[in-house]
Every structure is written in structure tokens, then in C-alpha cells.
Amino acid sequence: MKFTDGYWLMRPGVTARYATEVADVRASADRMTLYAPVKHVRGRGDTLNSPLLTVDCWSPAEGVIGVRTTHHAGSVRGGPEFALPGAEEGAGKVRRDGAVVELSSGELTLRVDTSGPWQLEFSAGGRALTSVGERGTGFVTDAVGRHHMLAQLSLGVGESVYGLGERFTPFVRNGQVVDIWQADGGTSSEQAYKNIPFHLTNRGYGVFVNHPGRVSYEVGSESVGQVQFSVEDQSLEYFVVHGPTPKQVLERYTALTGRPALPPAWALGLWLTTSFTTEYDEATVNRFVGGMAARGIPLSVFHLDCFWMREYQWSDFEWDAETFPDPAGMLARLKEQGLRISAWINPYIAQKSALFEEGRRAGHLVRRPDGSVWQWDLWQPGMALVDFTDPAAREWYTGKLRGLLAVGVDCFKTDFGERIPTDVLWHDGSDPEKMHNYYTHLYNRAVFDLLQEERGEGEALLFARSATAGGQQYPVHWGGDCESHFNAMAESLRGGLSLGLSGFGFWSHDIGGFEGTPTPAVFKRWTQFGLLSSHSRLHGSKSYRVPWDYGEEAVEVTRAFTLLKHRLAPYLQRAAQQAHTTGVPVMRAMVLEYPDDPAAATLDRQYLLGDDLLVAPVFTEDGTVDYYVPEGTWTNLLTGAQVTGPRWVREQHGFHTLPLLARPDSVIPLGADDQRPVSAWAEGIELRVHAFADGAERTVLIPRPDSPGETARFHVRRTGDRLHVTTDSPHPWQLRTGSPSGTLHLSPAGTQEAELPFPV
């Protein structure tokens, strides 16, 4: 939200008050409180008839410093509040030296000179990160009397801002106005399904605004050298999170707000759905599943979208008996073919649903101030909202889902949760404005907790569309309603990379696009991209996404990249475990891995899949692709071709290849089984060694799907013309140079140490 009219003036009716100096400071061992008048105090008379801001500073975790500015502390602060599971007491240390007071946490320091003008200076390791200056702390009242707290943090020359959720606008946020406000806006607008008040920059820090309501950002857009954020409230709290690398920023941020759960390994395979408004019944499902099997395309999950329930009655969680007369039998038959089952749900209850009256009588539905149930006719006629702030309503809702789990459903697509009204009352007295964004968190958590309770640790999985800060704990999230063309494919990737830089480890998208029908070229290119993503789902709106609808070559491409993803399963599961334990996403923007390479700062049409694979999807009809390779020799995993960077590359690819490049000095593990995402990964593992320099060494950990938490360890080291391999795995293994046709060394079971000629 903009308050100024250019540099000198305020907008009509706007009054701003900014901290000007420190009148007093109270410090303890681990925190300090600054009292800041909004005008220069020359004498006692200046202390009268003027606001005094209270600025509390502390550390909730090592390398993180919190700042909370309050105008009127007696205002009513309604919930909800973001949970901070990683917060701890006493993480900071305060030091005073004359007029200077400092708060340190890890390498991060906040310095305040109380004798000078208002200035908060954040530094780490002696290097300035950002600062809060003369207009950086204050409050504003607008023309209609609304009260906003604001903060401004400086941007350095060349500093780029990323994150703020899954945003489809330009990848670098500089120059943008961003409102943290949930919306069902598709992927082609400034609106977003997943709004996260957290950004990071390429200067080695991030900032989390701890406010679940609307946070309005001006990212170098009102004051071009500042990131400004404001809330309509009497208090504003934010945390500066130090890295120094972007990865370390994400590690600290997700340690504070929650790390992603580890999704089950079976979810790594290909998902196929009925699509949305297409005609489907059990015969359609069988035709799809049988058609994939007949064409040699292994499926892992089958998803039933909205119309598994009866029209006008979403959600009542009752199967449409006309199209699915024997749901338990159908699901059992699908499971006999090795499939897991996903079912669509949402948190809205249509008036025609029997659950509407049941929920109304029990008080489980959100109400207006006059006591009536809130309803409207968008999406479903007369639909109401389940009040997830009410424990009884949560239990009522999840109780309906238990019946679906009992007949064989394995996971849920938790759709919607964005269009939440503010003219309502909540059971727990929550602030309606804050609940607008936070509702999805309660919704997804309720369903995830149910799955964890019913299926056990490591088996819970959502396919969720909306989220807010902390929502990364309940994976997986997908990118929402995109069109079916190359532009939409690119904007989807842009949104996914932005979400990854906002603390979310797992992300997917609708292969082929959702709205409309893709051309065969778009379908094939999107299939490549989709099967080189964290999770992979074929889904559409008014048209099916079975590959044979797009030609025989589309079948071949889908088969080849599904088999490839299965072989990459041990590598991808390792990346998934990294996301679970560190918060670093499976799909990584290049700036995350190469923060010191200026060319990586704006790259949003390529990414790293895990530590060592660079993926550059093709977004053109003729197969032309431009991509950037950082320093070193990179090897195409599919063709063996090598590219040496740093430089830009232009190539042309047919539909069976794309730039899929292994990092220099990398060892990529490929499983022996290409028919399923879960197998005895360590047995018959193939280690692809790429551009290994003399003296290089890598340790590869292969998760054991049959023993969660255990790994098989392979250590590869080159010395001159010899390659040394040691392992603790008792299974046979193979080693191959980077080219798919390179020399293959086979080691029988029990070979735990080998010395090979290099190149092999």
C-alpha cells in the first residue's frame, strides 16, 4: 500500500509518524526495548502531546532477530497467530557500550546508536545486510481513519528480492506491489493461492513478517531503495533471518516456522486423474488405467476429481451411485493393480448436501454477526464454510473423511480454501481479517493430521492448492489453475520456484495445463517438465490428459520420462529427505545454489532438481531452448553431451530429450527398477560419475524404502587415473561414466570396496 505522493508529499488525507530517535532503552541479558518518539525531543515540553513507539528486539532462534513495533499496546489483538515451533528463549545476547546497544544472535547483530537519529543496522560477520532509517519505523492513518503500522528495510545496489509465496508475476520481486491476501486467481494474475509474508534477498538474509492477515508490500516500488511492508494494526512484528547463503536462510526460516513432513515414496510416481468436468465413471477409470498399462506406462496414483460426488452436493463425501455403484469394490480392484487412490475434497458445504443441515444444527458452519450461516452461490449453490476453529467441527469434518479412508482412499486433494469472507464470526473469536489467509492452514492441518493418525508417520500426503506461512509442513502443494499453453507452463514454473524460495519443499502442477486443451507439442513438453518435478500429475479441466489423446509420440514421451523418474527415485528421495530435514526444496531456483553468480539472479526458466541435476524445460514449438550453465563441465544425463560454463547455451531438442544436465563432479544414483517409484533401491544401483576431476570425491546416500531413516552409503574418490569406491551396501552395484553408453563396471553382491581405472 502506498502512502506517499512521490518523495516529498503524502497522499491526500494520509498522516505519517516515524520514529526519529531513541528516548530511552531498557535492556536485559537477551533482549532490549527501545522507546522512540516521532519528533526530535529538545526539552521536556516535546515529550507532551505526541506518540511514543515501543520497539521490542529479541532473538527467537540463533541467527534470527525479531523486531516488534507497537503504537497503542492496549488494542485488542485477536487471533490467529502463526505458530513458531522453532522459537526458543534466550537465543540473543545484548551488549552496551556507551550510547551503542547491540543485540547479537549467532553471526547476526542489530546495532543501535541511541545518541543519533533513528537507525537499526543489521550486519553479520562485519558485513552490512540491511538497515532501518528515518522513515523505516512508524504508523500511518489514512483518509478514512484506518491505522497502519509500517516498516522499511533498505535495499543495496544490485540487491534482488525473492519469495512472498507462489507468485506468477516476474520472478525477482523488485518494483512490485504485493498484497499477502489469499485469492483464487489462477496463474496469470498478480493474485496468488499461496501467500507467504517471507522474502529473501541475494545479500544473505530473509525477512518474515509475523502477521497472518493482509500484509501489503512495496518492494522497491514506493521508495525504490526500500522494501516496505505494512499492516492495518497497532503492532507490527518481523524477523530478520541470517544465512549467509540462501539455503541457510531457508534452513533457519523453516526451523522457526516448521519443516515439511516427508511424503511417502510411492507419491514420486505418475499420478493420473479423471480431470474435472469431463464425463467419467468406473468404465472410464478402467479404460484409463488399462490404457496406461497396455502402453507400458506405469501409474502410481489414480485421482478422482470432484464428480466422484453428486453434483450440487459438494462436499457431502457420498459417492455418486450412478457413476460409481460399487466404490469399495472399484478401489479394491484398482489397488490390486498396485495403485494408490486420491480423492478430491474441499471445505465448503453446499446447501443441497445433507451435511449442510447437520452442520448448521450443530453449529459447525461459519456464521454472520447476526447468527445466520454465511452462504453464497459461487462454486456451489448456497455453500457454507466449515469452522475449523471449532474442535467439534474439525472432528465432525474429519470423521466424514474416515469413512473414505476405510474403503481405500489413501490421500486427499485439499482444494480451495482461499475465498474466505471477513464479515463473519468464528467459534474461537478469531479476527476475521486474519482468518482470511489463515483458514487454509487449519483446513490442511486437520486433513493432514487425520491421515497421519490413520496411515501412520511418513504415509500422510495432501495435494493442496492454498497455503500460508507454516503450510509447508503439510505437503504436497500444486500450482492451481493454469492455461494449456507454453506461457502458462513458464508462469507455473516461475510460481513453483518462488514458492520454493518461500520455504516450501515440495511442489507440483497440472501436466498439460488445466484450462483448455494443450496442443500435442505443449503436452509433450509439459510431460517432460512434469516428470522432472517433485511430484507429477496429469490433470485437466474440460479435457482428459491421457497421453494417447495427444498422439503416439506423446505416449512414448510419457512412458520414457515416467521410467526415467522411477530410475531417479533414489536420487529424488534423497532430495525429499533434504527438504524434510533442512527446508531446502526439491526444485531449486538457480540463485539458491549459485548466489554468487550474477547470471543466476534472474533465472526462472530452469532449475536444479535436487543437488546435482539442472533441468531446462522447453517452452517453444520448434524445440529451441536457451539456458545458462554455471562454471564447470556439465553432462546431459540423456545424451552424454557435455557443455562447459559459465555461458549461455542455445540448443534444439526433439521430444525425447531436453537439457537435463549433471553437475560437474557429481555422482547420480539410478535405481535398477524402472517400473515403480518404490523398490529395493540399493540393489543393482547404477552410479553415474560425471566430469570427475582429479582429487574429487562425493558421498552418495541411498535411502532404504524398506527401512525408513536408514541409508546405503557410497563414497567415490578419484586419485590420478584411479577411481576408488567404498560402500556399506551388501547388494550388487554398478558404476558408469557420465555418458549413457560409457563403460559399465559391475560389482557382485558383497563388493564393498573397489579400485577402477579412470575413465572407467
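The values are calculated or read from the model by the stated rules, or taken from the named source; none is laboratory data. On a predicted model such as this, the values are computed, not experimentally measured, just so you know. Cβ atoms come from the backbone with ideal geometry, glycine included; neighbour counts cover every protein chain shown. Surface areas here come from the heavy atoms of the whole protein model, side chains and all, with no ligands, DNA or RNA. Shrake-Rupley method; radii C 1.70, N 1.55, O 1.52, S 1.80 Å.
Against the condition open to solvent by 30 Å² or more (accessible area, probe 1.4 Å), modelled with pLDDT of 95 or more, assigned to a strand (DSSP E or B) and not charged (D, E, K, R), how does Thr644 come out, does it pass? So Thr644 fits the description; yes.
Just one of (1) surrounded by fewer than 12 Cβ atoms within 10 Å (Cβ to Cβ); (2) more than 30 Å from Val177 (Cβ to Cβ) fails for Pro12. It is (2).
This table checks each residue for (1) in contact with a strand residue (DSSP E or B) (Cβ under 7 Å, 6 or more places away or on another chain); (2) assigned to a helix (DSSP H, G or I); (3) farther than 26 Å from Phe168 by Cβ.
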position	(1), (2), (3)
Thr562	yes, yes, yes
Arg574	yes, yes, yes
Tyr628	yes, no, no
Glu631	yes, no, yes
Thr635	yes, no, yes
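Of the candidates Asp622, Asp604, Asp549, the single residue that is surrounded by fewer than 24 Cβ atoms within 10 Å (Cβ to Cβ), within 18 Å of the chain's Cα centre (by Cα) and at pLDDT 95 or above is Asp604.
Pull up segment 254-307, narrow it to residues that are under 30 Å from Val241 (Cβ atoms) and open to solvent by 30 Å² or more (accessible area, probe 1.4 Å), then point me to the one that is nearest to the chain's Cα centre (by Cα). For segment 254-307, the residue satisfying everything is Arg259. Being of a type outside the set (D, E, K, R) and either closer than 20 Å to Pro60 by Cα or touching a helix residue (DSSP H, G or I) at 6+ places or on another chain (Cβ under 8 Å) (or both) is true of Ser131.
So is Thr468 under 28 Å from Arg214 (Cβ atoms), open to solvent by 20 Å² or more (accessible area, probe 1.4 Å) and touching a Pro at 6+ places or on another chain (Cβ under 7 Å) or not?
On the way: under 28 Å from Arg214 (Cβ atoms): yes; open to solvent by 20 Å² or more (accessible area, probe 1.4 Å): no; touching a Pro at 6+ places or on another chain (Cβ under 7 Å): yes.
So Thr468 does not fit the description; no.
Within segment 198-214, can one find any residue that is part of a loop (DSSP other than H, G, I, E, B), within 18 Å of Glu491 (Cα to Cα) and either among the β-branched types (Val, Ile, Thr) or open to solvent by less than 20 Å² (accessible area, probe 1.4 Å) (or both)? The answer is no, given that none of the residues of segment 198-214 is part of a loop (DSSP other than H, G, I, E, B), within 18 Å of Glu491 (Cα to Cα) and either among the β-branched types (Val, Ile, Thr) or open to solvent by less than 20 Å² (accessible area, probe 1.4 Å) (or both).
Filtered by the rule that a residue be open to solvent by 20 Å² or more (accessible area, probe 1.4 Å) and either at pLDDT below 95 or closer than 14 Å to Leu385 by Cβ (or both), segment 404-427 gives Arg419, Thr422, Asp423, Leu425, His427. Looking across segment 118-139, the residues that are without any contact (Cβ under 8 Å) to a residue 60 or more places away in the chain, farther than 29 Å from Met10 by Cβ and either open to solvent by less than 10 Å² (accessible area, probe 1.4 Å) or assigned to a strand (DSSP E or B) (or both) come down to Ser123, Ala128. Please verify whether Pro598 is touching a Gly at 6+ places or on another chain (Cβ under 6 Å) and over 28 Å from Gln472 (Cβ atoms), treating the condition exactly as stated. No: the conditions fail for Pro598.
Would you mention how many residues in segment 719-756 are touching a strand residue (DSSP E or B) at 6+ places or on another chain (Cβ under 7 Å) and open to solvent by less than 70 Å² (accessible area, probe 1.4 Å)?
Step one: filter segment 719-756 for residues touching a strand residue (DSSP E or B) at 6+ places or on another chain (Cβ under 7 Å), giving 721-729, 732-738, 742-747, 752-756.
Remaining after also requiring open to solvent by less than 70 Å² (accessible area, probe 1.4 Å): 723-727, 729, 732-738, 742, 744-745, 747, 754, 756.
Qualifying residue count, segment 719-756: 19.
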